[in-house]
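Each remark here refers to the structure printed beneath this line.
The values are calculated or read from the model by the stated rules, or taken from the named source; none is laboratory data. No experiment lies behind these values; they were computed from the predicted model shown. Ideal geometry is used to build each Cβ from the backbone, glycine not excepted, and the neighbour counts take in all protein chains shown. Heads up: the accessible areas ignore ligands, DNA and RNA and are worked out on the full protein's heavy atoms, side chains in. Shrake-Rupley method; radii C 1.70, N 1.55, O 1.52, S 1.80 Å.
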Amino acid sequence: MNVKVFRGLAVLFVLTAVLPLSANEVTAVWGRLYGRASTVDHKLAIMQSIVEQHDRDMIPVLTSALDEQVRNLNNQRSTTEQTQTYELIKMIVKELGRLKASQAATYTWEVVEAVDDPFLKGEAVIALGKMGARQYAGQMATMLRNLNFNYDEIENQRANEVFAYALVLALERLKAEEGYEPIFFASMGWYSSLSGVKERAKQALSVIVEDPTQQLHSIMENNERYSVKTAALDAGLASQAPDEAKASLATFALQEGLRYTAKDGIEKRELKSLRLSALRAIGALQTKEPAAVEPMQSMLIGYQTNRIYEEDTMLTLLDAMGGFQDDEVAKALAFFLSYQTERRQYGASDSLRIAKATIQALGSTGSSAGFEALTMVTVSEFWEGSVRREAKAALQKLNP
């Protein structure tokens, strides 16, 4: 430490230890001492002593020092001086963030706009998040959105990842709705696993907005990538939204999954994943969305006519339908079971797992609409004994 700086600090420590100085007087002394420092190196030494106090009374000194350094950014004479200035600014904004000094938000935002160093910019936006500076959430969201969709030259990727991570942290702390969509796309963006951006963004999604259903609905509707639609559903199910909202989102996801035809093997797998995720959610949620009945019925018809769904998809569909205490669902299941019985009579060897799942789903509905179709199975010589026993058990569950 410079001798003059050391002597100044020593005098100050003696004064504060011996004299009963007020908080304002102590702040003024530190301010004068900092202001008299002639080099960045001197200022760094004094600022280190200031920030170590973690004293909110020092906010005016910190804010004034930050304003001074930002104003002088273009007057740096050497790389060393610039490095020291960045270190000083970083020290100040970090402490202002720790102190939640919202009155310093304007000066802190100027740092974000004035420097290119990703670590310093990142420290500044994190500080703004701690300050609760929601007035800058929209601009932060735009910055993150631009990073998500602008895969840069390889030498800039690390810098962009550093800043993206900081933006996610800041927007998460601010809990601003405008930050939800860019954080969602950051969670599945180009960022490397080492950066931690995607993992942190996934964590932020569950807390940044309590009920993001409307935004996720819009993401599903406006994005043609099936993997994005599935990710939007997963985010909605992991959120704090009420069951009614989640059931509605799952229904929309199923409708989206049925609206398209796959062009290749990759799309086929992604569409199947979307349908399965939606059906599992529909089946698992306590709230049953009436609008889900129609697309599920259409899947039964699609299987009957073109066998367009694989066995695991059909089993998941039937399990979901069994959760509905609904006569319309029971009628659709009964028709589907009768169709299978008829095929057995003509020698078809269809999946016994699908037949049993249909029977179990009918029993779970509790609707008498399934009585005839189930009874036909119990007396049919074309069904195996295990299937007939399953039908007898299902009949016991039906309401009289």
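If you go through the stretch 310-335 and keep only what is open to solvent by less than 30 Å² (accessible area, probe 1.4 Å), under 36 Å from the mean Cα position of the chain (by Cα) and without any contact (Cβ under 8 Å) to a residue 40 or more places away in the chain, you end up with Leu317, Val329.
Residue pairs whose Cβ atoms lie under 8 Å apart, sitting 6 or more positions apart in sequence or on different chains, and linking a residue in the stretch 128-141 that is buried (at least 23 other Cβ atoms within 10 Å of the Cβ) to a partner that is among the charged types (D, E, K, R) and not in a helix (DSSP H, G or I), are Met131/Lys100. Among the numbered conditions (1) in a helix (DSSP H, G or I); (2) over 24 Å from Met140 (Cβ atoms), the only one that Thr106 does not meet is (2). In this structure, is Thr378 of a type in the set (Val, Ile, Thr) and crowded, with 22+ Cβ neighbours inside 10 Å? Judged against the criteria, Thr378 is not a match. No other residue among Ala357, Ala391 is open to solvent by less than 10 Å² (accessible area, probe 1.4 Å) and either in a helix (DSSP H, G or I) or closer than 21 Å to Ala250 by Cα (or both) apart from Ala391.
Inspect all residues belonging to the stretch 92-111 and state whether any of them is free of Cβ contacts under 8 Å to residues at least 24 places away in the same chain, outside the structural domain of Ala164 (by the TED database) and either crowded, with 20+ Cβ neighbours inside 10 Å or within 30 Å of Glu172 (Cα to Cα) (or both). Yes: the stretch 92-111 contains one or more residues that are free of Cβ contacts under 8 Å to residues at least 24 places away in the same chain, outside the structural domain of Ala164 (by the TED database) and either crowded, with 20+ Cβ neighbours inside 10 Å or within 30 Å of Glu172 (Cα to Cα) (or both).
For Arg344, the conditions (1) in contact with a Phe, Trp or Tyr (Cβ under 9 Å, 6 or more places away or on another chain); (2) assigned to a helix (DSSP H, G or I); (3) exposed (fewer than 14 other Cβ atoms within 10 Å of the Cβ); (4) of a type outside the set (Ser, Thr, Tyr) are fulfilled apart from (3). A single entry from Asn160, Asn223 fulfils the requirement of being free of Cβ contacts under 8 Å to residues at least 12 places away in the same chain and over 19 Å from Ala245 (Cβ atoms): Asn223.
Gln53 meets all of the listed conditions (1) open to solvent by 80 Å² or more (accessible area, probe 1.4 Å); (2) modelled with pLDDT of 90 or more; (3) assigned to a loop (DSSP other than H, G, I, E, B) but one, namely (1).
Restricting attention to the stretch 305-326, the residues that are at pLDDT below 95 and either part of a helix (DSSP H, G or I) or among the hydrophobic types (A, V, I, L, M, F, W, C) (or both) total 3.
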